[in-house]
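The values are calculated or read from the model by the stated rules, or taken from the named source; none is laboratory data. This one's a predicted model, so the numbers in the text were calculated from it and none came from an experiment. With ideal geometry, Cβ positions are generated from the backbone for all residues, glycine too; neighbour counts draw on all protein chains shown. When the accessible area is computed, the model is the full protein with side chains, heavy atoms only, and any ligands, DNA or RNA have been set aside. Shrake-Rupley method; radii C 1.70, N 1.55, O 1.52, S 1.80 Å.
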Amino acid sequence: MLVVNIPRALCQALLTGAISAIALPASAQATFPQHPIRLVVPQSAGSGGDVVARLLSEKAGAALGTSIVIENKPGANGIVAASSVAKAAPDGYTLMLTGVSQMSFNPKLYKQLPYDPDKDFTYVAPVVDTPFVLVAGKVSPDKTMAQMLARAKAAPDTITYASAGAGNSTHLSTEMIASVAGIKLKHVPYKGSGPALNAVIGGQVDLMTSVLGSALPQIQGGNVIPLAVLAPQRAADLPQVPTLKEAGVDAPTMPGWFAVVGPAGLDGALVARLNAAFQQAIADPETNKKLKDLYFIPLTGSAEQMRDRALADAKVWGEFIDRTGVRVD
């Protein structure tokens, strides 16, 4: 298991900040919240984002004194969900658990995106990050990264790789690996990470860059072969698997973060209160352990820090998308 410890002092600071932020003036307390909050998830039930949303919603709702209702709105790489939230009233009752794709990738992937990530949303709180791993099917002749690279260089466009959809993190990360390594792979998009990983297991495609938490049971079961971990350090549960850099491909690490956002125009005091509630949920020992057990790395920080990270990722991966000409519309 990947161990990410939150120092006791930081946990205490989070809880103290949560209490002070939640203790708003009586007038504010009287107006919010008066009914449940809707947390839109741009993925289907059972997906990584959905799991994170459900793990955090109970504790965050308790901190706010209301319930948080999950609404799954998958479709078009998160555009369906993001567009609906962007049009919602900025009253704190409609939020979204967004991923890096919706905020940092889509503006470059779609020529006519119906929302502006920086203008149509208010960042509320970072929640988790997650590493990725490149895996091959057990019937693949490639048992190491070096073998895969050699085969790809000898026969360009013959090795296939699955993704959870065009423009998804699983797509862009593999394209970045190919670009840096100087190889050409054939993309086979699927509708979701589950079907994509199943295609690798079944031998319909050769490779996939998967969220580590999803791939780990299949790796441990011998159904797929891990070639490299897309993270700065090796995973504790896979100490024998090199990082991408150790395997000879010095590519930028694919960000796998999730964050809570709301419509543009959310009041600053309300943002502080919501941020504190979600940070309190993350710091809860039971929730924190469940996240780590699923290879979700708990994140802490302010709304502004999360916005800065989204903009930084948009710059790095936006330049890559422009350079390679990757488009999905």
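Structure data summary
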read-out: GLY167, sole failed condition from (1) at negative phi; (2) crowded, with 18+ Cβ neighbours inside 10 Å; value: (1)
read-out: Residue within segment 228-244 that is in a helix (DSSP H, G or I) and open to solvent by less than 50 Å² (accessible area, probe 1.4 Å) present; value: no
read-out: Filter result for ALA247 (small (Gly, Ala, Ser) and open to solvent by 20 Å² or more (accessible area, probe 1.4 Å)); value: yes
read-out: Some residue of segment 168-188 being in contact (Cβ under 8 Å) with a residue 60 or more places away in the chain, β-branched (Val, Ile, Thr) and in contact with a helix residue (DSSP H, G or I) (Cβ under 7 Å, 6 or more places away or on another chain); value: no
read-out: Residue count for segment 308-329, restricted to those that are of a type outside the set (A, V, I, L, M, F, W, C) and crowded, with 20+ Cβ neighbours inside 10 Å; value: 1
read-out: 2 or more residues farther than 30 Å from PHE32 by Cα: qualifying helices (runs of 4 or more DSSP H) within segment 245-329; value: 285-293, 303-324
read-out: Selection within segment 84-111 - assigned to a helix (DSSP H, G or I) and open to solvent by 20 Å² or more (accessible area, probe 1.4 Å); value: SER84, ALA86, PRO107, LYS108
read-out: Flag for ALA196 being modelled with pLDDT under 95, assigned to a helix (DSSP H, G or I) and open to solvent by less than 40 Å² (accessible area, probe 1.4 Å); value: yes
read-out: Every residue from segment 133-167 that is touching a residue at least 40 places away in the same chain (Cβ under 8 Å), within 19 Å of GLN204 (Cβ to Cβ) and out of contact with any strand residue (DSSP E or B) (no Cβ under 7 Å at 6 or more places or on another chain); value: VAL139
